[in-house]
Each structure stands twice: as structure tokens, then as C-alpha cells.
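The structure under discussion appears below in the form of C-alpha cells.
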Amino acid sequence: MHGKNYREIKGMAYTSKKFAPGAPNPKVARFTTGKARPDYDYMLSLVSDGRVQVRHNALEASRVAANKKLALVGEENYQLVVRSYPHIILRENKMIATAGADRLQEGMRKAFGKPIGLAARVGIGDTVLELRVKSENLEKAKEAMHAGSAKLPMKTHVQTVRLEKPVTA
């Protein structure tokens, strides 16, 4: 089983865990890391340029890669949020490909498949990762987003937005 087999969006989304007993939990350990503060200067968004399904393994790998680059800055100085949630259940009709396996296989009879993983459907222009940082850490944040984009199965670009400071009376 390869991730590229599930990258293309085909058919309706299969999300109901009611009909798929044994559907796994998402491998994304934390959807929010760092510290939420109101005084960040910039928000960087990793935006998808393709319409694909992203497996939960890839989302977690992307988060870990970005978080590793940001660890040098200190956990108090950034907030990283995974915006895509993997809720599509992926199924596989497992086949045995060894000699003598013809007596064990059923072929396409009852080929519904067993749940093997989860994926998030990402469209063009959807935000996958979101990162808030102070202005002195902007370059490290861009490096972190680049590292995170390398783990994803589609082309992406980084949008940088300057955040407005809250007015105190």
C-alpha cells in the first residue's frame, strides 16, 4: 500500500465510522502546538495549489518537520495549527500475492475493503498549516513552512499576512 494510491480524489467521501468498524484514529498528535498569544506580528499559511487527499501520516510528518525548525525559536514564541482534519476513511481490499494463495483469495467478491487509514481532502486554496510568529522570527518561520511543505503530496505556497495589533483603551 502506497500513499500515492490514495492521493487522487475519486468518488464520494467515506466518513462514517458506523459502517467501518476498526477505523483508526488520526496520527496527528497535536493539532495546535506552541503558545496562543494576542501579540504575534505575522501569520503564515501553507496553502495548497492542488486538489488531493492528504493521508494523516503526511499531515503529522509535515507538522513534525515544521515544529522541529521552530523548536530553536522556543515554544513560547510561536503557534502552529494544523487546519486540515483527516476524516475520510481509506479502505483496502488486501490480496495475497504468493504461490498457492489462489485458494485463500476471494478476488472481487465482497471487495468492500478493511479500513487502513484516514485522509483529509484538500482543495486548491485550502490552508493546511497556519503559523503565528513575532517579526524577529519571520525567517525561521518561512524555513519551517518550507520544511513542512516538503512532506505533503502537492505543490504549496506560503502566504504571509501582517497581523493587526489589538487596540487597548
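Computed values, structure above
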read-out: Near pairs, Cβ below 6 angstrom, 6+ apart or cross-chain, from the stretch 23-41 (loosely packed, with under 13 Cβ neighbours inside 10 Å) to any residue that is in a loop (DSSP other than H, G, I, E, B); value: Pro38/Pro166
read-out: Scan of the stretch 43-60 for residues that are among the small types (Gly, Ala, Ser) and either surrounded by fewer than 22 Cβ atoms within 10 Å (Cβ to Cβ) or not in a helix (DSSP H, G or I) (or both), ordered by number; value: Ser45, Ser48, Gly50
read-out: Residue list for the stretch 141-169, filter: more than 25 Å from Asn57 (Cβ to Cβ) and either crowded, with 18+ Cβ neighbours inside 10 Å or β-branched (Val, Ile, Thr) (or both); value: Thr160, Val161, Val167, Thr168
read-out: Single residue of Ala101, Ala71, Ala13, Ala111 found to be modelled with pLDDT under 95, within 18 Å of the chain's Cα centre (by Cα) and surrounded by fewer than 15 Cβ atoms within 10 Å (Cβ to Cβ); value: Ala13
read-out: Test result for Gly148, out of contact with any helix residue (DSSP H, G or I) (no Cβ under 8 Å at 6 or more places or on another chain) and of a type outside the set (A, V, I, L, M); value: no
read-out: Qualifying strands (runs of 3 or more DSSP E) (wholly inside the stretch 76-142; at least 1 residues being more than 30 Å from Tyr42 (Cβ to Cβ)); value: 88-92, 114-122
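The values are calculated or read from the model by the stated rules, or taken from the named source; none is laboratory data. What you see is a predicted model; the values in this text were computed from it and never measured. Note that we place each Cβ from the backbone using ideal geometry, even for glycine, and neighbour counts take in every protein chain shown.
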